[in-house]
Amino acid sequence: REKLTISFDLDSVDVNVSSLTELDKLAKALLRHDRAKIIVHGYTDATGSAQYNAKLAGFRATAVKNILMGKGIAAERISSASHVMTQTETTQEQGTRRVEIEIVKE
């Protein structure tokens, strides 16, 4: 399994411009390998409202999923999950404002 990380700004669901290039490359690779599936994991931190954080993580995952579907990847090939990270569960390098795309080869 391989992973691609997409970063987000604080309280944002907009994918960074630099990440759009990575998503374009991923979509092209997925179109060539039509049996591969992906899991989109949306992450946020636990600061503030738990309900808001859970929704924000889900919105981030959905934003990435929608971009990939717009590039021709079938919805059935993409699943998503949202995660609210505690301070002890993450490292500074990893960050909490991100989406990780896990590529599952079949």
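The values are calculated or read from the model by the stated rules, or taken from the named source; none is laboratory data. Keep in mind the model is a prediction, meaning the values are calculated, not measured. We work out accessible area using only protein heavy atoms, side chains counted, and drop any ligands, DNA or RNA first. Shrake-Rupley method; radii C 1.70, N 1.55, O 1.52, S 1.80 Å.
Points worth noting:
- GNM result for the chain, Cα springs below 10 Å: residue of 42, 72, 58 fluctuating most strongly: 72
- With DNA, RNA and ligands ignored, accessible area of residue 39 (1.4 Å probe; Å², nearest 10): 40
- Reach of residue 105 by Cα under 27 Å, taken over lysines that are not fewer than 8 positions away in the same chain: 3, 25, 28, 37, 65, 71
- Where 8, 59 fall by accessible area, highest first, once all protein chains stay in place (1.4 Å): 59, 8
- The antiparallel fraction among DSSP beta bridges confined to the chain stands at about 60%.
- Accessible area (Å², 1.4 Å probe, nearest 10) - residue 2: 90
- Restricting the calculation to alpha carbons of the chain gives Rg and Dmax of 13.5, 42 angstrom.
- Structure-based [θ]222 nm, the chain - -39500 (n - 2.57) summed over DSSP H runs of at least 4, per residue, nearest 500: -12000 deg cm²/dmol
- Tilt relative to the chain, helix 17-32 - C-alpha long axis, 0 to 90 degrees, to 10: 40
- In the context of the full set of protein chains, residues of the chain present 60 Å² of accessible surface per residue (probe radius 1.4 Å, heavy atoms only).
- 0 to 90° range, to nearest 10: angle between helix 50-70 axis and the chain longest Cα axis: 20
- Exposure check, 1.4 Å probe, all protein chains in place: residue 71 carries approximately 80 Å² of accessible surface.
- Solvent-accessible area, 1.4 Å probe, carbon plus sulfur percent, for the chain: 50
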